[in-house]
Protein chains: 2
Amino acid sequence: VIQFVTRMWMFLKKAWDLGVDDPRKLIHGLKLGVALMFVSFFYYMRPLYDGVGGSAIWAVMTVVLVFEYTVGGTLYKCLNRIFATFLAGFLALGIHWIASHSSHKFEPYIMGISIFVLASATTFSKFIPVVKARFEYGCTIFILTYSLVSLSGYRVDHLLNVAHERVSTIIIGTCLCIITSMLIFPIWAGSELHHLIPRNMDKIAKSLDCCVAEYFGHNDEESTKSLQGYKCVLNSKASEETMANFARWEPAHGNFNFRHPWKNYLKIGMSSRRCAYCIETLSSCFDSKNQVPESIKKHLESACMNLSISSSNVIKELATIVSTMTRSSVKINVVVEDMKNAVLELQNDLKSLPDLVIQPHDQKDKNEAILSDVTIMPLLEVIPMVSFASLLIEIASRIEEDMVN
Amino acid sequence: VIQFVTRMWMFLKKAWDLGVDDPRKLIHGLKLGVALMFVSFFYYMRPLYDGVGGSAIWAVMTVVLVFEYTVGGTLYKCLNRIFATFLAGFLALGIHWIASHSSHKFEPYIMGISIFVLASATTFSKFIPVVKARFEYGCTIFILTYSLVSLSGYRVDHLLNVAHERVSTIIIGTCLCIITSMLIFPIWAGSELHHLIPRNMDKIAKSLDCCVAEYFGHNDEESTKSLQGYKCVLNSKASEETMANFARWEPAHGNFNFRHPWKNYLKIGMSSRRCAYCIETLSSCFDSKNQVPESIKKHLESACMNLSISSSNVIKELATIVSTMTRSSVKINVVVEDMKNAVLELQNDLKSLPDLVIQPHDQKDKNEAILSDVTIMPLLEVIPMVSFASLLIEIASRIEEDMVN
């Protein structure tokens, strides 16, 4: 029992932390509560629904099923629900009309087969990527409404009534949802995405800085923590795409127009993921960092640090450009210039590396056999360092490519 | 109009290709159709539901909402739906009982506030990762059932009836879904995952091979195509996790017990993703491959090819081990030994690289200034090649680490 209590306590504590960490999640819960309360009032107050009982329930159901965290998500579900219900309702009425004009014997067969065919086709169409992204929920509701209306039609013979009631209650429910989600502390999928992308870019910039600093031994506890920042960028694709999908449904709000180019955010997200992949590879260089002789490390340290700092400056600057939505700034050109210079500097340092490596044999230079012996060793030791440096250069070039935007 | 027709045509063609490519998706659509037909028959046949009208509809709804592509997904939704309905039903009855024993005036307030509190709390709890993974659908259904039962209780005063009908129709619907999804061409999330992981590993192995082959100019059209294989591994995390989540709900089937260690698949998936990140970085070496002098390429070609072939052999062998579920095999040790030897070979070749690079000055060896001049140039040109090679070695070491399993 004690174990159970402690586990419950841990669970509650975790939930509390989550709420403190992001109070909007708590607010979302309260918003759903408010919307449900309103629907219930509707249910209590209206004498219109007296005796119908089962029908006003659709409004409650709509609220529970349709209410999403972001405005875009709610709108997507609402519009899908409304259009799918309309479409399915009309189709069911039409096919019922056809069926009722045929022999009475065939009626159930026609209805049954039409349900089978439509349900199968719609379910299959959910697998098509375009449909999946935009109309998945609508497909489910289409099947649902079609079967409900056509079944009630056969059974209770008040088909038009059922269709009309379902549509009107669903509209009441969706309107309530849209109003609540848009007026009370709205959480726009668009602005979420708009904040997520620069935040991820900043994380990458920090990771890059910390990674290089740690490689050269300038690490403290905090930097080890923010070094891991790139990891949450690695798998951000799915959430970014969902948000971009939801954002398309949202009306103009804040600085965003209706046809805001959400796709560009996905492109930027893709590029930052590519940088994150590189950093992932870069961070695996840590294993071999102790093999590199100190002298060589010292030789390249300043150039590497410079490059990483200027690269992360470019990323940070890009992040500000994205978050302020300015077309371009003077600063970015300066920073990119800086980065290019840093790349050249590092390349020069790499060029002068052989001098450094061969130095010991300059002093000897007596017999040929020793020469190759002396020069051989360093190169293998230099390799980890060299590949580290060339990864840095690769990151810089990836950043530059994505500058074209 | 013509444009619309061609677009429709393209859409249908795409759908057709999808169906031909993976007929199970088509079968899934048909299965839903069959299940819906059965429920409709139930609705037609039973005199039990005569006049209830609105209630048997729950069975239809359950089928439409609960039926998922995999058995695990269906079971997850079914069990969630049943338990959540039970729990919410009992809770609603209990609170209604308390409310009805208080003053009649307070009754609607008690019910309203309880709906608000429970709905808010449940919605918020959906954000907790554990709950989200296993009980998200259950939470929605809990809110839904609770509000439906408690609202009907206030309104129609046949609360017990509503609760009982809802539970029984939902059980009918879920049973039908479970039977259909498990007996007609079942698609187990577990075996999907079990096939997906080795397939991804094979893709990585092929990509690695093609990547190295292309680097050294042995490319044909087919290899360029399979070179891209690693890309779908990069973002496979979300789908793997969903499948593993669903697989936990599935009963024993085929070679899988009930408590099959699905988490290990996620670990293997993680490791193959790490290899994919490396290959992603590797593939960016193509841009600089033309800078490398032919002589050096030739020198390292055989060792690189060897290493890539032996690494991909290890991956392929691991894939077979995963898919046959043998604990370990003799062959794997041999292949890993091969890979280690290939790493050593490549390292030796890298070691002897300076000889090769410095060769020109061996013949001259007259003045010191030329020496540094001659040795400097090659190193910078060698760098892309060297980092390419060291990335290969890194991939090999990542593969080896994951051997611990």
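Could you grab me the full set of residues in the stretch B:92-130 that are more than 12 Å from every other protein chain (Cβ to nearest Cβ) and assigned to a helix (DSSP H, G or I)?
Matches in the stretch B:92-130: B:Ala92, B:Leu93, B:Gly94, B:Ile95, B:His96, B:Trp97, B:Ile98, B:Ala99, B:Ser100, B:His101, B:Ile110.
Closer than 30 Å to B:Asn80 by Cβ, within 14 Å of chain A (Cβ to nearest Cβ) and either assigned to a loop (DSSP other than H, G, I, E, B) or of a type in the set (Lys, Arg) (or both): which single residue out of B:Phe258, B:Phe185 fits that description?
The match here is B:Phe185.
Could you figure out which of (1) closer than 26 Å to B:Leu282 by Cβ; (2) modelled with pLDDT under 80; (3) surrounded by fewer than 21 Cβ atoms within 10 Å (Cβ to Cβ) isn't true of A:Cys304?
All conditions pass for A:Cys304, except number (3).
What's the number of the condition A:Arg248 fails, among (1) in contact (Cβ under 8 Å) with a residue 60 or more places away in the chain; (2) open to solvent by 50 Å² or more (accessible area, probe 1.4 Å); (3) within 11 Å of chain B (Cβ to nearest Cβ)?
(3)
If you check B:Arg81 against the conditions, is it of a type in the set (Lys, Arg), modelled with pLDDT under 85 and either surrounded by 17 or more Cβ atoms within 10 Å (Cβ to Cβ) or touching a helix residue (DSSP H, G or I) at 6+ places or on another chain (Cβ under 6 Å) (or both)?
Answer is no for this residue.
Go through (1) surrounded by 21 or more Cβ atoms within 10 Å (Cβ to Cβ); (2) free of Cβ contacts under 8 Å to residues at least 24 places away in the same chain; (3) not aliphatic (A, V, I, L, M) and name the single condition B:Ser226 misses.
B:Ser226 satisfies every listed condition except (1).
From the list A:Leu176, A:Leu193, pick out the single residue that is modelled with pLDDT of 85 or more and open to solvent by 20 Å² or more (accessible area, probe 1.4 Å).
Of the residues listed, the single one that is modelled with pLDDT of 85 or more and open to solvent by 20 Å² or more (accessible area, probe 1.4 Å) is A:Leu176.
Just need a number here: residues in the stretch B:1-22 that are open to solvent by 100 Å² or more (accessible area, probe 1.4 Å) and either outside any helix (DSSP H, G or I) or in contact with a Pro (Cβ under 8 Å, 6 or more places away or on another chain) (or both).
Number of matching residues: 1.
Would you be able to say whether some residue in the stretch A:131-154 is more than 10 Å from chain B (Cβ to nearest Cβ), farther than 30 Å from B:Trp16 by Cβ and buried (at least 17 other Cβ atoms within 10 Å of the Cβ)?
Within the stretch A:131-154, one or more residues are more than 10 Å from chain B (Cβ to nearest Cβ), farther than 30 Å from B:Trp16 by Cβ and buried (at least 17 other Cβ atoms within 10 Å of the Cβ).
Select from the stretch B:23-45 the residues that are among the hydrophobic types (A, V, I, L, M, F, W, C) and in contact (Cβ under 8 Å) with a residue 24 or more places away in the chain and write down the one among them that is most open to solvent (accessible area, probe 1.4 Å).
B:Phe38
The values are calculated or read from the model by the stated rules, or taken from the named source; none is laboratory data. Everything numeric here is computed off the predicted structure, so don't read it as measured data. We place every Cβ from the backbone using ideal geometry, glycine too, and count neighbours over all the protein chains shown. Keep in mind that these areas ignore ligands, DNA and RNA; they rest on the heavy atoms of the full protein, side chains included. Shrake-Rupley method; radii C 1.70, N 1.55, O 1.52, S 1.80 Å.
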